[in-house]
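All remarks here apply to the structure that follows.
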Amino acid sequence: MTDVELQAITGVDASLTAPLGETLLVLNNAHAQELSWLEPERLQHLVKQAFLARRIGNLDAFILALDQDARYDSPNFLWFRARVSALRLRGPGRGRIIRTRTRLCAPPLSRSV
């Protein structure tokens, strides 16, 4: 495997007027069933909310990581945040708790047919 360089993604990069923003939006919306459909403004909001936004190349791969305080109203994000917050309040041994509770299942995504 060759070394690759991670590059930051900024809110400006995610604007629809930027080539990267258009590519991000097309890639996201091609997988909207798994991720959720985004409008350009919403994508830019998510990138600004992310505590980590990185890419490899011209989006060979990318990651947007949100922390528990992100302003994001996705049902999947809210479900996960509620469960992680509940586990976090239980005290020492949090990592063990999370590892042993990997069978927690998110509610099924609603799918349009």
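The values are calculated or read from the model by the stated rules, or taken from the named source; none is laboratory data. This is a predicted model, so every value here is computed, not measured. Don't worry about glycine lacking a Cβ; one is built from the backbone with ideal geometry, like all the others, and counts go over all protein chains shown.
General remarks:
- Residues of segment 28-41 that turn out to be buried (at least 16 other Cβ atoms within 10 Å of the Cβ) and part of a helix (DSSP H, G or I), as a count: 1
- Residue ID - nearest to the chain's Cα centre (by Cα), chosen from residues in segment 47-61 that are in a helix (DSSP H, G or I) and closer than 23 Å to GLU5 by Cβ: VAL47
- Where LEU64 falls short, out of the listed (1) surrounded by 14 or more Cβ atoms within 10 Å (Cβ to Cβ); (2) modelled with pLDDT under 90; (3) in a helix (DSSP H, G or I): (3)
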